[in-house]
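What follows is a short report on a single structure.
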Amino acid sequence: MELINIFAFFNLGGPELIFIMLAILLLFGAKKIPELARGLGKGIREFKDATKEVRDNLEESVNIEEEKKASARNNTKTPVK
């Protein structure tokens, strides 16, 4: 679904996509295209892993801060009258 939205954003139709594919084929050749696709896939996978790691670190730090605040609230003593 996202790919369709990207094509709609750039106003790309069938003829434009075919032209782009032919240009890529002419520039890189049939033997290089699988290597390029593998490299692109690895790059996307590494990017997703890195963003997941950053998200996990942020969530962990937020949880630690919430635990500190909760323990600080529980440790405060009420004044005795």
Karplus-derived 3J(HN,Hα) from phi for region 21-29 (6.51 cos²θ - 1.76 cosθ + 1.60, θ = phi - 60°), whole Hz, x at Gly and Pro, runs 4, 5, 5, 5, 4, 5, 6, 9, x
If I model a spin label as a point 7 Å beyond the Cα along the Cα-Cβ vector, how far apart are those points for Leu17 and Lys31 in nm? 3.0 nm
Accessible area of region 20-81 with a 1.4 Å probe: how many percent of it is carbon plus sulfur? 62 percent
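The values are calculated or read from the model by the stated rules, or taken from the named source; none is laboratory data. Being a predicted model, the structure only gives us computed values, none of them experimental. No Cβ is skipped: glycine too gets one built from the backbone with ideal geometry, and neighbour counts run over all protein chains shown. These accessible areas exclude ligands, DNA and RNA; they are computed on the full protein's heavy atoms, side chains included. Shrake-Rupley method; radii C 1.70, N 1.55, O 1.52, S 1.80 Å.
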